[in-house]
1. Which of the residues that make up the range 476-506 are closer than 17 Å to SER365 by Cα and not in a strand (DSSP E or B)?
2. Scan the range 84-125 residue by residue and report those that are surrounded by fewer than 24 Cβ atoms within 10 Å (Cβ to Cβ) and away from ligand 2 (no atom under 16 Å from the Cβ).
3. Can you find, within the range 391-410, the residue that is surrounded by the most Cβ atoms within 10 Å (Cβ to Cβ) among those that are touching a helix residue (DSSP H, G or I) at 6+ places or on another chain (Cβ under 6 Å) and more than 26 Å from PRO270 (Cβ to Cβ)?
4. For the range 211-265, what are the residues that are more than 21 Å from the chain's Cα centre (by Cα) and in a loop (DSSP other than H, G, I, E, B)?
5. Taking the options ASP453, ASP459, name whichever one is open to solvent by 50 Å² or more (accessible area, probe 1.4 Å), closer than 28 Å to LEU352 by Cβ and of a type outside the set (A, V, I, L, M, F, W, C).
6. Taking ALA381 as the residue in question, decide whether it is at pLDDT 95 or above, aliphatic (A, V, I, L, M) and surrounded by fewer than 24 Cβ atoms within 10 Å (Cβ to Cβ).
7. Go through the range 274-295 and give me each residue that's in contact (Cβ under 8 Å) with a residue 60 or more places away in the chain and either in contact with a Lys or Arg (Cβ under 7 Å, 6 or more places away or on another chain) or more than 16 Å from ligand 1 (Cβ to nearest atom) (or both).
8. Tally the residues that are over 30 Å from PRO16 (Cα atoms) and among the small types (Gly, Ala, Ser), restricting the search to the range 485-534.
Amino acid sequence: MQKITVETRPIEGQKPGTSGLRKKTPVFMGPHYLENFVQAIWTAIGGVAGKTLVLGGDGRYFNDRAAQVILRMAAAGGAARVIVGQNALLSTPAASNLIRKRKTDGGVIMSASHNPGGPDEDFGVKFNTPNGGPAPEEVTNRIFEATTTITSYDILEAQDVDLSTLGETTLGDMVVEVVDPVADYAALMEALFDFDAIRALIAGGFTLRFDAMHAVTGPYAKAILEDILGAPAGSVVNAVPSPDFGGGHPDPNPIWAKPLVDLVMGPDAPDFAAASDGDGDRNMILGRGIVVTPSDSLAVLAANAHLAPGYADGLKGVARSMPTSRAVDRVAEAKGIDCYETPTGWKFFGNLLDAGRATLCGEESAGTGSDHVREKDGLWAVLLWLNILARSGKSVAGTLSDHWQTFGRNYYTRHDYEALDKAMAEAMLDDLRGRLPGLPGQVIAGRTVESADEFAYDDPVDGSHSAGQGLRVHFQGGARVVFRLSGTGTVGATLRVYLEDFVDDPARLEAPVEEVLADIIAAADEIAGIRNRTGRDAPDVKT
Ligand code: VG1
Ligand code: CO
């Protein structure tokens with residue numbers, strides 16, 4: 001086996017976005033593309049000589065091939081050991097757990113998360129640091145810089161490593177340790193939650209359906225929900241990871257998980273339903289007759305987490321991304337704990353979790369997690385919900401009703417306009433940015449603007465500053481609209497419009513969301529000129 005050095009040149013556009021580098025699969029499969037990026041990661045972390053890394057991915061097309069390349073490059077870089085999930089599979093939270101549990105020097109996760117997979121769809125790579133969390137901006141900036149100056153990369157000339165058999169092999173001088181992707185993660189879940197209570201709930205006839213969306217969570221959900229907790233076989237559907245996710249988007253929202261929504265709204269609704277995304281870090285929670293908004297889910301979990309053994313001592317604090325609704329803020333206030341507001345993306349929660357300032361974190365995009373790992377965690381959220389329901393004896397809908405009665409309701413929706421012309425979308429937001437100072441005092445669609453600004457974040461732990469994190473307009477009475485461009489898409493630009501209003505009139509707590517938010521939606525369109533500029537009549541996705 002011989003190490004070779006391959007000459008290369010910088011490839012444009014290898015700047016990690018909200019969560020790693022995501023590109024069309026053919027781009028990633030292009031000459032030197034993956035190799036350049038991986039070498040840039042090695043450079044950014046001071047090389048991999050003598051280090052131990054974790055490697056796994058969500059099973060999408062090219063996952064298996066990319067794993068072999070990354071292993072050969074780790075070996076060429078002198079890595080001591082790489083811990084790989086069997087068949088190169090690891091959910092993002094399971095990878096985070098392994099990085100922490102085995103005290104490694106970080107890990108490489110191959111995933112484009114909720115983006116579709118396949119020869120013509122999306123692929124992605126992200127690096128997680130030794131705390132198990134996504135690389136912070138300082139590291140992703142270094143990775144990007146390295147991609148702009150790269151001249152060569154090192155790789156071992158070798159046969160493929162057998163990743164289907166558990167146990168240790170070697171690649172050159174490097175140990176490749178193939179592990180069961182589920183075992184350590186399942187043990188962690190068992191340590192956090194009252195599995196006996198959930199088991200008893202299910203044994204008592206409580207019904208559930210989990211849709212793994214043909215993605216990586218299937219094996220985890222089957223093992224935990226069916227084998228360990230006793231849900232009947234077939235409770236977990238679409239449980240076998242497939243390279244193209246069955247042709248759909250593994251995105252747990254009312255569009256891509258429509259069959260699940262139809263199920264809970266129909267006559268055969270189970271008591272509880274849930275779905276997860278491509279890499280298993282997101283969750284969608286549903287109950288009979290109800291789809292739970294992710295922001296509400298975060299608030300409900302924060303209010304009730306003490307019912308789970310892992311959180312019986314209460315929460316140190318909570319954190320949410322800026323566009324996430326402020327429902328959790330009300331819970332934090334009632335509990336007398338801190339609530340942090342961060343930019344979009346899980347990498348901004350890492351410092352708060354490490355410093356013990358926050359226990360629970362969440363995003364409006366269906367990501368919730370805690371300090372048990374350093375990633376959001378779909379199945380964890382499902383289990384916390386089940387633990388809460390098992391201990392409270394309430395239904396999902398009843399839990400929400402009671403929550404709103406206590407705290408009031410933050411009505412919330414997000415409108416996405418996908419595949420917009422990038423220059424047009426950027427110009428639209430640039431223009432709005434320029435007009436923000438003039439908005440306060442204006443009455444738009446019947447609502448008076450109270451304040452308007454561009455969100456920036458100063459990390460309270462390391463003092464780092466992140467600018468340009470979304471344009472926000474607050475209205476008198478507590479309503480709000482936020483505009484930002486997605487950092488995970490691979491085609492043109494995606495405009496995200498986040499809409500929220502607060503209601504505490506007990507008579508208006510169960511109204512249709514679109515009705516309550518109608519004038520905020522109209523105001524958002526007027527403020528940014530969305531229809532005029534995009535020529536679109538309606539958003540592509542409403543969540
Ligand atoms: C989206 C979500 C964000 C999430 C990110 C990664 O980012 O809005 O909340 O952290 O995806 O999630 P953006 O920049 O497209 O809005 V995942 O599950 O794709 O790792
Ligand atoms: Co994800």
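The values are calculated or read from the model by the stated rules, or taken from the named source; none is laboratory data. Remember, predicted model here, so these are calculated numbers, not experimental data. All Cβ positions, even for glycine, are placed from backbone atoms using ideal geometry, and neighbour counts span all protein chains on display. When the accessible area is computed, the model is the full protein with side chains, heavy atoms only, and any ligands, DNA or RNA have been set aside. Shrake-Rupley method; radii C 1.70, N 1.55, O 1.52, S 1.80 Å.
1. The answer is SER486, GLY487, THR488, GLY489.
2. Once the filter is applied, which keeps residues that are surrounded by fewer than 24 Cβ atoms within 10 Å (Cβ to Cβ) and away from ligand 2 (no atom under 16 Å from the Cβ), the range 84-125 yields GLN86, ASN87, ARG100, LYS101, ARG102, LYS103, THR104, ASP105, GLY106, GLY118, PRO119, ASP120.
3. That would be ASN410.
4. LEU229, GLY230, ALA231, PRO232, ALA233, GLY234, SER235
5. Numbers: ASP459 fails: open to solvent by 50 Å² or more (accessible area, probe 1.4 Å).
So the residue among ASP453, ASP459 that is open to solvent by 50 Å² or more (accessible area, probe 1.4 Å), closer than 28 Å to LEU352 by Cβ and of a type outside the set (A, V, I, L, M, F, W, C) is ASP453.
6. Working: at pLDDT 95 or above: yes; aliphatic (A, V, I, L, M): yes; surrounded by fewer than 24 Cβ atoms within 10 Å (Cβ to Cβ): no.
The answer is no for ALA381.
7. Taking the range 274-295 and keeping what is in contact (Cβ under 8 Å) with a residue 60 or more places away in the chain, we get 274-290, 292-295.
Correct list: SER276, GLY278, ASP281, ARG282, LEU286, GLY287, ARG288, GLY289, ILE290, VAL292.
8. Qualifying residue count for the region: 5.
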